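Asker: One structure, as structure tokens, below. Some questions next.
The values are calculated or read from the model by the stated rules, or taken from the named source; none is laboratory data. Because the structure is a prediction, the values reported are computed rather than measured. Don't worry about glycine lacking a Cβ; one is built from the backbone with ideal geometry, like all the others, and counts go over all protein chains shown.
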Amino acid sequence: MKTILHNSMSLFLCLSLFACGEHTKSKAPLPKTTPTTAPIGPTVIGPTVKPTPAQPTTTVPPTLTNGGTGATCTQSTAAAVTVEPLVDIPRTEVPVLGTAETFEIGTWNIENYPKASGSLAMVSNILNTLDVDVMAVEEISTPAAFNSLIAEMPKFTGLLAPDAGTQFDARSAGFIYRTADFTLVTSQALFPKDNFAFPRPPLLIRLHPVAAGRPDVVAIAVHLKAFGDDKSQQRREAANVQLESYVAELKAKEPSLHIIVLGDFNQPLVGATERAVFNPWFEKGCNYTVRTDSLVKKGDYSYFSNRLSLIDHMVTTSNFLLEEPVIVKLQKIVPNYESQASDHLPVVARLAP
């Protein structure tokens, strides 16, 4: 485990210095899979090249605690869970979660991005500072706004789900990933005709690591139906049924594949009725792990506006061993975070050693 070092600089100095820094990761070898080829759906947006300062800021990242490795056959199903009081880690600045030796993946609903005139500066600074290898993003209003965001992230590139038509929500899901470490094998908008289960089509990407001997990663970004009424919950349940079936088919074709479904599921997992929506994943606990479920039981939250709720989740195949995710309480660190950035918080996990 690594030690958290607090930087004595102010938040904005930390953000601006780190955002200009470069680092290319060198990962430990993992079992290799062979990439496949498929037509590219969304447009890949290239980064704008920016000069690198002679002496970039160096920050030691905080530890992402390990929540256990592998899935078991004893995961919770529809039974309500006991929620423990949350013991949050106090922070005074946005942490650097990325390291040169590890792989991190996360999800962030960037509410109606860009929601204010200062959104571009704040969101790009946060993403550059967190320095996560692969980040799913939700609620991107326009391709132009996404393009402008990527232009402020010189170490990254991104892609956005294509316009699915007027019957769907116009806000899109996308991915941002590190160009030095990954090449895009394929991308695809899933279930493009089913706006009952998916008001915003999920976006699938397959990334091939540049480093030899490391496995491909298949990630699916989702933003499911909001609200707590019965019909909305039925729509989320239908979505999880289809997503699990799709992932099962991928695994049947390529058993060694590492797959993660992540994003804004709009689904609390405390009460029995709430947890029943996730039964497609819970009931096959030998095949999948709901990585955020341990945080649910600790009383953690990823949404904070008019209530505290954990509705942004990560589900992985059991061979994709991630540590327990971290949710950084940016609303306590970044002034005007909710008005300029989001009412959701980034959820980030690291590959277990």
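Asker: Only residues that are among the β-branched types (Val, Ile, Thr) and either crowded, with 24+ Cβ neighbours inside 10 Å or modelled with pLDDT under 95 (or both): list them for segment 274-295, please.
Answerer: Val277, Thr289, Thr292 - these are the residues of segment 274-295 that are among the β-branched types (Val, Ile, Thr) and either crowded, with 24+ Cβ neighbours inside 10 Å or modelled with pLDDT under 95 (or both).
Asker: Right, something else. List the number of the failed condition for Arg236; all other conditions in (1) modelled with pLDDT of 95 or more; (2) farther than 28 Å from Leu159 by Cα hold.
Answerer: (2)
Asker: Working only within segment 173-194, note down all residues that are within 19 Å of the chain's Cα centre (by Cα), assigned to a loop (DSSP other than H, G, I, E, B) and more than 25 Å from Asn128 (Cα to Cα).
Answerer: Matches in segment 173-194: Leu190 only.
Asker: Of the residues Ala145, Ala136, Ala170, Ala121, which is in contact with a strand residue (DSSP E or B) (Cβ under 7 Å, 6 or more places away or on another chain), within 25 Å of Asp343 (Cβ to Cβ) and surrounded by fewer than 21 Cβ atoms within 10 Å (Cβ to Cβ)?
Answerer: Sole residue among the options that is in contact with a strand residue (DSSP E or B) (Cβ under 7 Å, 6 or more places away or on another chain), within 25 Å of Asp343 (Cβ to Cβ) and surrounded by fewer than 21 Cβ atoms within 10 Å (Cβ to Cβ): Ala145.
Asker: So which of Val132, Val137 ends up being part of a loop (DSSP other than H, G, I, E, B) and within 15 Å of the chain's Cα centre (by Cα)?
Answerer: After ruling out the rest, the residue left standing is Val132.
Asker: Of all residues in segment 210-234, count the ones that are surrounded by 23 or more Cβ atoms within 10 Å (Cβ to Cβ), not β-branched (Val, Ile, Thr) and not in a loop (DSSP other than H, G, I, E, B).
Answerer: The total comes to 3.
Asker: Further question: Out of Leu310, Leu262, Leu351, Leu322, report the one residue that is of a type in the set (A, V, I, L, M), at pLDDT below 95, within 27 Å of Ser245 (Cβ to Cβ) and under 14 Å from the mean Cα position of the chain (by Cα).
Answerer: Leu351
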